[in-house]
Amino acid sequence: MAEPVVHVVARFKAKPGKEAALKAGLTALVAPTQKDPGYIAYDLFESVESPGSFVLVEAWESRELLAAHLDTPHLNGFKAAAPELLAEPMSVKLYAEAPGL
């Protein structure tokens, strides 16, 4: 039986004055991520109520391919820069489709 699709919700909050830099850093991840094996979706949103707060909503074919994505040069580069950009640690949660839907 195939592994269920893995959905990821990642939240990011910029340090004051770093909103544009965080947005640029997150936006720069989209194109290379779309080429990663296992990619299904990778959508970036910015809060309309709290500028500088972002959510990435992702879908991956498997946890194994997600893990490989998390160790790519583009993600490692972002993770290295993140402490200078983030007001708090990023929050990452994994989800699967609820049974019966």
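Since every read-out is calculated from the coordinates, none of them should be taken as a lab result. Keep in mind that what you see is a predicted model, and the values were worked out from it rather than measured. Cβ: placed from backbone, ideal geometry, glycine included. Neighbour counts: every protein chain shown.
Dipole of the chain computed with +1 at Lys/Arg Cβ and -1 at Asp/Glu Cβ about the Cα centre; of G38, G17, A96, farthest Cα towards the positive end is G17. Stretched out straight at 0.36 nm per residue, the stretch from S50 to L94 would grow longer than its current Cα-Cα span by 13.5 nm.
Here's how it looks for A87: its modeled amide H is under 5 Å from those of K13, A14, K15, which are all 5 or more places away or on a different chain. The dipole here belongs to segment 27-95: it is taken about the Cα centre, uses +1 on the Cβ of Lys and Arg and -1 on the Cβ of Asp and Glu, and is about 120 debye.
The structure-derived value of Cα extents along the principal axes in Å appears in the list (i) 39, 25, 20; (ii) 48, 31, 20; (iii) 42, 32, 21 under the label (ii). Relative to the longest principal axis of the Cα atoms of the chain, the long axis of helix 73-85 makes an angle of roughly 40 degrees.
Can you give the FRET efficiency for Q34 and A87, using 1/(1 + (r/R0)^6), R0 = 35 Å, r = Cβ-Cβ distance, to the nearest 0.05? So, using R0 = 35 Å, E works out to roughly 0.80.
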